[in-house]
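Written below as structure tokens is the structure these notes are about.
The values are calculated or read from the model by the stated rules, or taken from the named source; none is laboratory data. What you see is a predicted model; the values in this text were computed from it and never measured. Neighbour counts run over all protein chains shown; Cβ positions are idealised from the backbone, glycine included. When the accessible area is computed, the model is the full protein with side chains, heavy atoms only, and any ligands, DNA or RNA have been set aside. Shrake-Rupley method; radii C 1.70, N 1.55, O 1.52, S 1.80 Å.
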Amino acid sequence: MPHPPPQRRPIRSFVLREGRLTAGQQRAFHDHWPRYGIDFVGQPLALEQLFTKPQPLYLEIGFGNGESLARMAAAAPEQNFLGIEVHRPGVGHLLLRAAELELPNLRIIRHDALEVLTHGIPEKSLDGLLLFFPDPWPKQRHHKRRIFRPALLDPLTRTLKPGALLHAATDWEEYAHAMLALMEQYRDSFDNLVAPGAFSPRPDYRPLTKFEQRGTRLGHAVWDLRFQRR
């Protein structure tokens, strides 16, 4: 009998190098995950049941330590925010901040974002997708691991409502231009909110991170891309 073809491993946009959790982050998982955490098991999420109020929903992929996401949620209580991150220390830090700020409009998933977007987010349910400073995977042979690729944009196109926002930002110039070039392939589905082929000024709702502030002082640029779902 012929052997079945070997299954190809999915291309991941991240590598799990888990740092040690602080005592506070460990307590955060125990104390605050039941309130803010969502255990994703591969099934479509009932998004309307995750939050205390039905409000416009914005999804951030790869929130890092979660500081910017917590600040956005605190500044916009009329919106709901769902954050996805795989690294436990960052999730633990955001759990602490969410509890400290008492954010009823924030929920967290610790899982592969592409799997959640593909299998967990219903069609036309998101009012916005936020992707700030994803890993640029700068070496040419690693570009296939970048998260901003058709594997993201195909399910994203399905899950964004008409008029929804797609906002990405990077401090890696080559990656920024690669993002713009890829969005050109989706011009039937997205409109550049500035002009075709143009980057956007940083909007006020995107907080400046400490990393970004330090880079700005050193003369490093940041490129924002803002598109609207047709």
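Per-structure values
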{"item": "Count of segment 136-161 residues which are hydrophobic (A, V, I, L, M, F, W, C), assigned to a helix (DSSP H, G or I) and open to solvent by 20 Å² or more (accessible area, probe 1.4 Å)", "result": "1"}
{"item": "In segment 167-207, the residues that are among the aromatic types (Phe, Trp, Tyr) and more than 25 Å from Met72 (Cα to Cα)", "result": "Tyr186"}
{"item": "Positions within segment 30-56 being under 24 Å from Ala168 (Cα atoms) and open to solvent by 50 Å² or more (accessible area, probe 1.4 Å), in sequence order", "result": "Pro56"}
{"item": "Boolean, Leu59 is surrounded by 15 or more Cβ atoms within 10 Å (Cβ to Cβ) and either modelled with pLDDT of 95 or more or in a loop (DSSP other than H, G, I, E, B) (or both)", "result": "yes"}
{"item": "Failed condition for Gly197, given (1) of a type in the set (Gly, Ala, Ser); (2) in contact with a helix residue (DSSP H, G or I) (Cβ under 9 Å, 6 or more places away or on another chain); (3) free of Cβ contacts under 8 Å to residues at least 60 places away in the same chain; (4) part of a helix (DSSP H, G or I)", "result": "(4)"}
{"item": "Residues of segment 140-181 classified as more than 19 Å from Phe63 (Cα to Cα), in contact with an Asp or Glu (Cβ under 8 Å, 6 or more places away or on another chain) and among the basic types (Lys, Arg), total", "result": "2"}
{"item": "Hey, Ala164 within 17 Å of the chain's Cα centre (by Cα), in a helix (DSSP H, G or I) and touching a residue at least 60 places away in the same chain (Cβ under 8 Å) or not", "result": "no"}
